[in-house]
1. Would you kindly state how much longer the chain becomes between K214 and L142 on full extension, computed as 0.36 nm times their sequence separation minus their alpha carbon distance, in nm to one decimal?
2. Calculate one ³J(HN,Hα) per residue across segment 178-190 by plugging θ = phi - 60° into the Karplus curve 6.51 cos²θ - 1.76 cosθ + 1.60, and present them in order as whole Hz with x for glycine and proline.
3. Normalising by the residue count of the chain, find the relative contact order in percent from Cα pairs under 8 Å and 6+ residues apart.
4. Based solely on C-alpha atoms, express the radius of gyration and the Dmax of segment 90-222 in angstrom.
5. What accessible area per residue, rounded to a whole number of Å², is obtained for the chain using a probe radius of 1.4 Å?
6. What is the gain in length, in nm to one decimal, between L121 and K10 on full extension, counting 0.36 nm per residue of separation less the C-alpha to C-alpha distance?
7. Rounded to two decimals, what is Rg over Rh for the chain when you use alpha-carbon atoms and the Kirkwood radius?
8. Mean Kyte-Doolittle hydropathy of -1.0 or higher plus an axial Cα length of 27 Å or more: which whole DSSP H helices in the chain meet both?
Amino acid sequence: MSSKTPKGEKLYEGKAKVLYQGTEPGTIIQYFKDDATAFNAQKRGTIAGKGIINNKVTELVMNNLEMIGIPTHFIERLSDREQLIREVEIIPLEVIVRNTVAGTMAKRLGLDEGIRLDRPLIEFSLKDDALGDPLIAEEHILSLDIADEEELSEIFDMTHQINNFLRGMFAGIGIELIDFKLEYGRLYDEEDTGYTIILADEFSPDNCRLWDMKTGEKMDKDRFRRDLGGEVEAYQEVARRLGISLEAEDGRKQ
Ligand code: C5P
């Protein structure tokens, strides 16, 4: 994991990312790995070049979302695999948006994948690997004080806005946004007197489902999860359609 970016101590190593303390207070460096896991890490592998693509796709999505008024933790991309972000208190929820039935929703409810939902569905899972990120209801979130009503209402508003924007963005490049996962955090102000809720984590083909509108081909991590093959090419094609260059600064193809 060689990188010339100056950084502080390693704070956390997850399945697909490593977090380091940034050199400025209140900042973190997010490093994107090629490692891929599925089914709560029961399946492990790597997708060559994935970290670079996910770093750059996240940069593009976060910058676009900032432009439509969604506050995010993203500050700037530092290198091919690293980005500087604001330190937040992560709300331990996986906020899942579904436009079309797929994945665990299809399985849990005995539905066919591909059924379009008349209205987008927002689901919550508790972020807890040991428990397998169980699905929870809004009432659990409130009763267990994971977030309060005001926070939940902000999360719903922002999530719908993000979904509307991203569906359009992907439709523009011939891709249907089937579902995705978001995480939010609390950004405390400097005097520690208050905070705002902002979008955190990442947005990449690792945590969304993307289907080619013409062919129905899967262009996301399901290629890895389901042993479909062609995951490297699928991630590259998403980057290419988004206009993301994968050339290194010295002109080498990565
Ligand atoms: O597996 P499931 O169908 O519930 O996933 C819904 C969406 O959330 C998918 O796009 C998946 O990639 C994403 N997800 C994720 N991280 C998880 C669970 C789901 O990124 N831990």
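1. 21.7 nm
2. Per-residue couplings from phi come out as 7, 7, 6, 10, 10, 10, 10, x, 9, 9, 7, 6, 4 Hz.
3. Value for the chain: 17 percent.
4. For segment 90-222, the Cα radius of gyration and maximum Cα-Cα distance read 15.7, 53 Å.
5. Details: 12740 Å² over 254 residues.
For the chain, the solvent-accessible area averages 50 Å² per residue.
6. 36.4 nm
7. We get a ratio of 0.94 for the chain.
8. Membrane-span-like by this rule: 149-171.
The values are calculated or read from the model by the stated rules, or taken from the named source; none is laboratory data. Nothing here was measured: the structure is a model prediction, and the numbers come from that model. Reconstructed Cβ throughout: ideal geometry from the backbone, glycine too, with neighbour counts over all protein chains shown. For accessibility, only protein heavy atoms count, side chains too; no ligands or nucleic acids. Shrake-Rupley method; radii C 1.70, N 1.55, O 1.52, S 1.80 Å.
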